[in-house]
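Q: Below you will find the structure I want to go over with you.
The values are calculated or read from the model by the stated rules, or taken from the named source; none is laboratory data. Predicted, not measured: the structure shown is a model, and the values here were computed from it. Here the Cβ is made from the backbone with ideal geometry for all residues, glycine too, and neighbour counts use every protein chain on show.
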Amino acid sequence: MYSDSIIKNFRSYVDFQQKELDAFFDLAHYQKFKKNEMLFESGPGSCPFILIKSGCLMTYFTGEKDFIHVIQFGIENWWTGDLNSFMQEEASIYSIKAMANTEVYILGKKEFESLCAKFPNFEKYFRILFQNSLVSHQKRIIRNISFTAEEKYLTFTQNFGKLELILPQKYIASYLGITPEFLSMIRRKLAGR
């Protein structure tokens, strides 16, 4: 189940040879999930590293009174998972749910280590990926502590435009750190402009 868009994305970071890409597709487990299906639930067992071929995944933490705190929405060519759980091979605090019909490649720790040991280009690729992820998360922290709710919502629509049409409002609000009611007010205000 090769994917031209994933190959193109891999090669946008590193000049991979075909045998390296073949190794990835041989080691990663291809799976399909239906909308609202769980890929991974928090608890015992380490979380795999998941590359999204198509669809949308939501990575979240369940807090007090079963309140869902959305950590990330992942779309085509994005990776998701619980990096701490994956690297330390320990229980995960996150769950991952399909928000639309989704196709993924799942990479376990053993496969990840094998790929990186045999093909140094994957070491370089994942280093770049982790660097970019850290920068992205730092920018999100700044948005969360300094942007108004309206600015956060506008940034969300710029970054995830079409997702707004498929995601329930309560999950978008959770991702933004506001209530669904306040998000409704922001939408009405912006629609009136």
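Q: Go through (1) in contact with a Phe, Trp or Tyr (Cβ under 7 Å, 6 or more places away or on another chain); (2) of a type outside the set (S, T, Y); (3) under 30 Å from P180 (Cα atoms); (4) modelled with pLDDT of 95 or more and name the single condition L107 misses.
A: That leaves (3) as the condition not met.
Q: While we're here: Tally the residues that are more than 17 Å from Q17 (Cβ to Cβ) and either among the charged types (D, E, K, R) or in contact with a helix residue (DSSP H, G or I) (Cβ under 6 Å, 6 or more places away or on another chain) (or both), restricting the search to region 90-127.
A: 9
Here is a yes/no grid of residues against (1) touching a helix residue (DSSP H, G or I) at 6+ places or on another chain (Cβ under 9 Å); (2) assigned by TED's automatic domain parsing to the domain that holds M99; (3) not aromatic (F, W, Y); (4) not in a helix (DSSP H, G or I):
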| position | (1), (2), (3), (4) |
| --- | --- |
| K53 | yes, yes, yes, yes |
| Y60 | yes, yes, no, yes |
| K65 | no, yes, yes, no |
| H69 | yes, yes, yes, yes |
| F73 | yes, yes, no, yes |
| S85 | no, yes, yes, no |
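Q: Condition first: among the charged types (D, E, K, R), closer than 26 Å to I141 by Cα and touching a Cys at 6+ places or on another chain (Cβ under 7 Å). Can you find one or more residues in region 65-74 that meet it? Outline the logic, then answer.
A: Step one: filter region 65-74 for residues among the charged types (D, E, K, R), giving 65-66.
Retained after the next criterion (residues that are closer than 26 Å to I141 by Cα): 65-66.
Add one more test, that the residue is touching a Cys at 6+ places or on another chain (Cβ under 7 Å), and what stays is none.
So far as region 65-74 goes, no, none of its residues is among the charged types (D, E, K, R), closer than 26 Å to I141 by Cα and touching a Cys at 6+ places or on another chain (Cβ under 7 Å).
Q: Another one. In region 22-41, how many residues are over 14 Å from F126 (Cα atoms) and either in contact with a helix residue (DSSP H, G or I) (Cβ under 9 Å, 6 or more places away or on another chain) or assigned to a helix (DSSP H, G or I) (or both)?
A: Final tally of qualifying residues: 7.
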